[in-house]
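Only one structure is covered here, and it is reproduced in the block below.
Nothing in this text is a laboratory measurement; each read-out follows from the coordinates by a stated rule. Predicted model only: the values in this text are computed from it and were never measured. A quick note on method: Cβ atoms are made from the backbone with ideal geometry, for glycine too, and the neighbour counts reach across all protein chains shown.
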Amino acid sequence: MPGALEGFRICDFTGQLAGAGATKWLAMFGAEVIRIEDPVRQGRWDILRGAPPYKPGQSGLESGGGFNNHNVDKLGITLNLRTDKGKEILTELIRISDAVTENFAAGVLEKWGFGYEQLKAIRPDIVYVSNCGFGHVGPYRRYKTWGPIVQAISGLTFSSALPDQPPAGWGYSYMDHTGGYYMAIAILMALLHRQRTGEGQWVDLACTEAGVSLNGPALLDWSVNGRAMRDAPVNSNRSQYVPMAPHGIYPCAGDDDWIAISCRDDADWRALAGAIGEDWTSAYQAADTRWSQQDALDSALATWTRTHDKFALEQTLRALPIPAAAVQKPAERIERDETTGRFGLWPSVTHTAMGEVRVDGQPVHFSQTDWQAVHGAPCLGEHNAAVLTRLLGYSADEVRQLAEEGVL
Amino acid sequence: MSVLEEIRVVELAGEPIAYAGKLLADMGADVILVEPPVGDASRLFPPFLDDVRDPERSLHFWHYHTSKRGVVCDLDDPRQRDRLLKLIDTADVLLEAEQPGRLMDLGMDYDVLSLTNPGLVHVAVTPYGRHEAASQLPATDLTLMAAGGPPWSCGYDDHSLPPVRGWGKQAFHTGSHFAVMSALTALLHRGAGGPGQFVDVSITAALNVTTEAASYTWLVNGGTVQRQTGRHAATRSTGETQMRCADGRWVNTGVPPRFPVEFGRLLAWLERLGLKEEFPEAVFLEMGANWEGPFDLSLIGSDETITAIFSSGREGLQLIASRISAYEFFIGCQDAGLAVGVIYSPEEVFEDPHFVARGYPTEVRHDDLDRSFRYPGAPYRFTRTPWAISRRAPKLGEHTDEVFGALD
């Protein structure tokens, strides 16, 4: 089956998750993504290359579980850009690519001689998408970020918390994932514009700006009504703005087992109260009472949920039906929850060094040109010969010589 | 010309896809929001302009429906539905989050729509995908998040506190991000000569693959990450990264100093603040700053000197944090080359000089009120075809005559 993006070629400097996650989407839909790594540092700019988790019995540069997960079906070459020949090969590659993508700190690619002006000189209709925490313009352009820093700056850490506690934030780099989605959107939009008009362009993506936008109504409540989220305690398991109660995550009988329950309206509450079947529920018939007395309501509800198995309770509440879901642990959503398996969400890929490994698939299916996951992430320089001979016209001997000279 | 000029999107109003429609509309697509005669439910979501509850004053609705036109159509009325079918015949993309089966019952699912509009890209967003019975069940952002994985990784070191779901309807945002990536990918394929197609987006699947190491640690070696306060969930506990500053506000310190140059800069900063004398561990910072050869982080915990140096970095930051404001700490650390973030509430980032300098807050004119308001701005900066809010959210049925009239 041909991929939806077959025929598009990406000259890809991305790494970590915020960048690599973007080009993973393109690669799984059939774009030819050529990942370029630095042979001198063995590609270690990407801190996930060679980092745990490892398959049992494995470790080292070619065994990084996260690296493999984020770089499925990409080609990998090494280029030493400290050498003139390395720069020449990169120039040849850019000339035949549709887009150049990177998530270095602002200015790094330009310092190597491949800023947008230079890219445009090589190929006038090139699409260039850069992705960094604060963008390439503005007072903080030299400042550095990781996912958790982006989340802190953009307001997402603050708005994830329980009362009388410090911010809980996000226990993973939500904005590396999501910054990657915005980067993918930016690449796809710029390619679409180029397909329709022949014009290339540079997109300066600042992950923090993508993150700020994810609290839109709170920003308008501030700019329009002058109401600051800073002034009211956050309990982000509760409903924000829309008065739904009870609405929270409640303890269940097992070890660190929890269930999320939302009562959207009186009907949901009556159904839940019926299932509980205890007298105290009669005090909460009015929506206003449930909303204004959530602390007491939550604690009464928690006393009840605590005696139940989370999945049994989920089944009971879903039969009513009211919105309810067990807080699933990784093993539960990957192995026990049959909906993810039936969706084909955990495909197995073949990695040259790691062997067979399951990875995150894409949460979508196309009726005509669906994604595929076949190969794992490239080993360092795995496709040097293939890319240089097939695409750039070098002979096998020349490739060997370039490797000996330290260009590859 | 804007990126998506002359791309027509019909959006059947639904909370999970509202943001997808906005992302396309703000890049120039002609997004037509189709509401039932009573209006979309989110018109009554708080907050409201001046706290006056009114379907035309919901800031929630304002945010999610910028740059769109709005029509009213009663899908259950066959004559009105015929008008809508005519409209969809002129569309490039249909975006909907209807219950599986509903469009089929109305005789307007993809199999019918594609007969007269074979180029149509139909993107359906549901809780578990079109083929799952669970997609028929009521769900909220909270219950989708619990099922999809994020809360398991978010919360506090103290596991007697529940897992935490971050605010901002991120389940719907994540579904929307994949809906947009899908629509653009399918449009690119169509632009290269391919057919239109149907795309099935699962919100819980999208969340499952937006959990970083939680999923791939399980997939690679069966490990289970555990939530920790304000930092990445991990299989083994890691050092705290949130610090409270002298003004009572929090910062995220990310990765503590770990390179000689960083120890040196931290030491210099302590000296500038006049704090070196009261910090006995400064001697270890000096050792770290003068370290020769690789500073082997894997020896933390086993090698006394390396452990002491590494600890002195964190302790030095803690001392500084206790004396200055969170904002000063953020700027000071970043100027010293440390990737640190102040934990802003959403409205604070809106007023931050960097984002103001980049033009992030965006004025939107409300002609009907004769007022302008500052909205969240561009999530990415396209240099040739800029993001822009072309109009305020539509009033109920504002463009019904204009849109349907143009079809006759």
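A few remarks follow.
- Criterion (touching a residue at least 40 places away in the same chain (Cβ under 8 Å), more than 8 Å from chain A (Cβ to nearest Cβ) and either surrounded by 22 or more Cβ atoms within 10 Å (Cβ to Cβ) or under 15 Å from residue A:150 (Cβ atoms) (or both)) met by exactly one of B:309, B:324: B:309
- Close pairs (7 angstrom Cβ cut-off, 6 or more residues apart or separate chains): more than 7 Å from every other protein chain (Cβ to nearest Cβ) in segment A:201-218, part of a helix (DSSP H, G or I) and of a type in the set (Val, Ile, Thr) anywhere: A:207/A:150; A:208/A:150; A:208/A:153; A:211/A:150
- Just one of the listed residues (A:210, A:228) is buried (at least 24 other Cβ atoms within 10 Å of the Cβ) and either closer than 17 Å to residue B:344 by Cβ or among the β-branched types (Val, Ile, Thr) (or both), and it is A:210.
- Segment B:159-186, subset more than 18 Å from the chain's Cα centre (by Cα) and hydroxyl-bearing (Ser, Thr, Tyr), residue surrounded by the most Cβ atoms within 10 Å (Cβ to Cβ): B:185
- In segment A:50-109, the residues that are in contact (Cβ under 8 Å) with a residue 40 or more places away in the chain, of a type in the set (S, T, N, Q) and part of a loop (DSSP other than H, G, I, E, B): A:58, A:63, A:71, A:80, A:83, A:97, A:103
- Top-ranked residue in segment B:22-37 [being outside any strand (DSSP E or B) and touching a strand residue (DSSP E or B) at 6+ places or on another chain (Cβ under 9 Å); ranked as nearest to the other protein chains (Cβ to nearest Cβ)]: B:27
- Of residues in segment A:258-281 being surrounded by fewer than 22 Cβ atoms within 10 Å (Cβ to Cβ) and in a loop (DSSP other than H, G, I, E, B), the one nearest to the other protein chains (Cβ to nearest Cβ): A:264
- Considering A:46, A:12, the condition of being in contact (Cβ under 8 Å) with a residue 60 or more places away in the chain and either at the interface with another protein chain (Cβ under 10 Å from one of its Cβ atoms) or surrounded by 22 or more Cβ atoms within 10 Å (Cβ to Cβ) (or both) is satisfied by A:12 alone.
- Filtered residues of segment B:1-21 (kept if in a loop (DSSP other than H, G, I, E, B) and not acidic (Asp, Glu)): B:1, B:2, B:3, B:4, B:7, B:13, B:14
- The number of residues in segment B:330-354 that are facing chain A (nearest Cβ under 7 Å) and either in contact (Cβ under 8 Å) with a residue 12 or more places away in the chain or polar (S, T, N, Q) (or both) comes to 8.
- Test for residue A:117: is it over 21 Å from residue A:210 (Cβ atoms) and buried (at least 16 other Cβ atoms within 10 Å of the Cβ): no
- Segment B:105-150: number of residues that are within 9 Å of chain A (Cβ to nearest Cβ) and on the phi > 0 side of the Ramachandran plot: 2
- Scan of segment B:276-306 for residues that are in contact (Cβ under 8 Å) with a residue 40 or more places away in the chain and either among the small types (Gly, Ala, Ser) or buried (at least 17 other Cβ atoms within 10 Å of the Cβ) (or both), ordered by number: B:279
- Residues satisfying the stated conditions in segment A:149-166, i.e. of a type outside the set (A, V, I, L, M, F, W, C), at the interface with chain B (Cβ under 7 Å from one of its Cβ atoms) and touching a residue at least 24 places away in the same chain (Cβ under 8 Å): A:154, A:155, A:159, A:160
- Checking each residue in segment B:109-131 for being outside any loop (DSSP other than H, G, I, E, B), over 17 Å from residue B:188 (Cβ atoms) and in contact with an Asp or Glu (Cβ under 9 Å, 6 or more places away or on another chain) picks out B:113, B:116, B:124, B:125, B:126.
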